[in-house]
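Trainee: Below are the structure tokens for one structure; questions will follow.
The values are calculated or read from the model by the stated rules, or taken from the named source; none is laboratory data. Not measured: the values here are computed from a predicted model. Virtual Cβ from ideal backbone geometry, glycine too; neighbours counted across all protein chains shown. Surface accessibility is based on the protein's heavy atoms, side chains included, excluding ligands, DNA and RNA. Shrake-Rupley method; radii C 1.70, N 1.55, O 1.52, S 1.80 Å.
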Amino acid sequence: MNVMQQAENYFNAWNNHDTDAITALFAEGGSYSDPNVPDGVAGPHLAGYAGAIFAAFSDLEFEIVKQFECGEGAMTAEWLMKGTHDGELRGLPPTGRSIAVPSIDVIEAGDDGITSVRGYFSNGTMMEQLDCLVSVQPKRIGPVSFDNSTYTSTGNT
């Protein structure tokens, strides 16, 4: 099976919300990374990551916009992640808002399956579409979390 066929199966597994199928498509030692998991995840951690996304967006789908083979065993796919935020997302209660986040994946695969998926998208775009105010924090503080807070201007500079 060539990389384009493996990528098609990969996106079908995401669109079917099938975490077992997603992880089964990866070769031994294969990993997935994106801005939320920059160090990469695999196996049960990838299944848990995908499952949390499906729980937050029960109608999540990936619309493939363009795809290109870019050398032996490698391809890129431009896609649009769409869905309605109807479940908790890292502590953020459902907003009921829809998202359409443009993204790109770089997928590498061999005879044994997918060896690497690197996803590139803007977390800020998704948060804006969810009507969330984003405050930036250093990575060393930890992953993003959501809570209720209030900012009051005192007029002091």
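Trainee: For a quick check of your reading of the model, give me the residue pairs whose first member lies in segment 93-108 and is within 30 Å of M1 (Cβ to Cβ), whose second is part of a loop (DSSP other than H, G, I, E, B) and open to solvent by less than 40 Å² (accessible area, probe 1.4 Å), with beta-carbon atoms closer than 8 Å and at least 6 apart or on different chains.
Mentor: E108/G73
Trainee: Give just the number: which of (1) touching a residue at least 12 places away in the same chain (Cβ under 8 Å); (2) surrounded by 14 or more Cβ atoms within 10 Å (Cβ to Cβ); (3) assigned to a helix (DSSP H, G or I) does T115 not satisfy?
Mentor: (3)
Trainee: Sticking with this structure for a sec: Quick one: in segment 95-112, of everything that is part of a loop (DSSP other than H, G, I, E, B) and of a type outside the set (G, A, S), which residue is farthest from the chain's Cα centre (by Cα)? Step through it out loud before you land on a result.
Mentor: Residues of segment 95-112 part of a loop (DSSP other than H, G, I, E, B): 95-97, 111-112.
Adding the requirement that they be of a type outside the set (G, A, S) leaves 95, 97, 111-112.
Values: T95: 18, R97: 17, D111: 25, D112: 23 Å.
Once the filter is applied, the top-ranked residue is D111.
Trainee: With the structure loaded, tell me whether M126 is more than 18 Å from F26 (Cβ to Cβ), at pLDDT 95 or above, surrounded by 17 or more Cβ atoms within 10 Å (Cβ to Cβ) and out of contact with any Leu (no Cβ under 6 Å at 6 or more places or on another chain) or whether it fails that test.
Mentor: Working: more than 18 Å from F26 (Cβ to Cβ): yes; at pLDDT 95 or above: no; surrounded by 17 or more Cβ atoms within 10 Å (Cβ to Cβ): yes; out of contact with any Leu (no Cβ under 6 Å at 6 or more places or on another chain): yes.
Here the answer is no, as M126 does not meet what is asked.
Trainee: Moving on to the next point. So which residues in segment 17-38 are touching a helix residue (DSSP H, G or I) at 6+ places or on another chain (Cβ under 6 Å), of a type outside the set (A, V, I, L, M, F, W, C) and not in a loop (DSSP other than H, G, I, E, B), if there are any at all?
Mentor: T19, T23, Y32 - these are the residues of segment 17-38 that are touching a helix residue (DSSP H, G or I) at 6+ places or on another chain (Cβ under 6 Å), of a type outside the set (A, V, I, L, M, F, W, C) and not in a loop (DSSP other than H, G, I, E, B).
Trainee: Just to verify a result, which residue in segment 10-22, among those that are in contact with a strand residue (DSSP E or B) (Cβ under 9 Å, 6 or more places away or on another chain) and not aromatic (F, W, Y), is nearest to R118 (Cα to Cα)?
Mentor: Quick first cut of segment 10-22, residues in contact with a strand residue (DSSP E or B) (Cβ under 9 Å, 6 or more places away or on another chain) only: 10-11, 14-15, 22.
Filter once more, so that each one left must be not aromatic (F, W, Y): 15, 22.
On the way: N15: 18, I22: 14 Å.
Among those residues, the one meeting the criterion is I22.
Trainee: Quick check on segment 68-77. Is at least one of its residues part of a strand (DSSP E or B) and either without any contact (Cβ under 8 Å) to a residue 12 or more places away in the chain or among the aromatic types (F, W, Y) (or both)? Write out each step before concluding.
Mentor: Step one: of segment 68-77, the residues part of a strand (DSSP E or B) are 68-69, 74-77.
Of the ones still in play, those that are also either without any contact (Cβ under 8 Å) to a residue 12 or more places away in the chain or among the aromatic types (F, W, Y) (or both) are 68.
Yes; the residues of segment 68-77 include at least one that is part of a strand (DSSP E or B) and either without any contact (Cβ under 8 Å) to a residue 12 or more places away in the chain or among the aromatic types (F, W, Y) (or both).
Trainee: Return only the number of the condition from (1) under 15 Å from M126 (Cβ atoms); (2) assigned to a loop (DSSP other than H, G, I, E, B); (3) not charged (D, E, K, R) that L80 does not satisfy.
Mentor: L80 satisfies all of (1) under 15 Å from M126 (Cβ atoms); (2) assigned to a loop (DSSP other than H, G, I, E, B); (3) not charged (D, E, K, R) except (2).
Trainee: State which residue is nearest to H17 (Cα to Cα) when the search covers only segment 56-67 and only residues that are in a loop (DSSP other than H, G, I, E, B) and of a type in the set (A, V, I, L, M, F, W, C).
Mentor: The initial filter retains those residues of segment 56-67 that are in a loop (DSSP other than H, G, I, E, B), namely 57-60.
Adding the requirement that they be of a type in the set (A, V, I, L, M, F, W, C) leaves 57, 60.
Values: F57: 10, L60: 8 Å.
Looking at residues that are in a loop (DSSP other than H, G, I, E, B) and of a type in the set (A, V, I, L, M, F, W, C), I get L60.
Trainee: What are the residues in segment 118-139 that are assigned to a loop (DSSP other than H, G, I, E, B) and touching a residue at least 40 places away in the same chain (Cβ under 8 Å), if any?
Mentor: So in segment 118-139, the residues assigned to a loop (DSSP other than H, G, I, E, B) come out as 122, 130-138.
Hits for segment 118-139 are S122, L130, C132.
Trainee: What tally of residues in segment 41-60 results from selecting those that are within 22 Å of T125 (Cβ to Cβ) and either of a type in the set (S, T, Y) or open to solvent by less than 40 Å² (accessible area, probe 1.4 Å) (or both)?
Mentor: Applying the first criterion (within 22 Å of T125 (Cβ to Cβ)) to segment 41-60 yields 41, 49-50, 52-60.
Checking the rest, the ones that are also either of a type in the set (S, T, Y) or open to solvent by less than 40 Å² (accessible area, probe 1.4 Å) (or both) come to 41, 49-50, 53-54, 56-58, 60.
Matching residues across segment 41-60 total 9.
Trainee: May I pose another question? In this structure, is R90 over 17 Å from E63 (Cβ atoms), open to solvent by 50 Å² or more (accessible area, probe 1.4 Å), modelled with pLDDT of 95 or more and basic (K, R)?
Mentor: Values: over 17 Å from E63 (Cβ atoms): yes; open to solvent by 50 Å² or more (accessible area, probe 1.4 Å): yes; modelled with pLDDT of 95 or more: no; basic (K, R): yes.
No: the conditions fail for R90.
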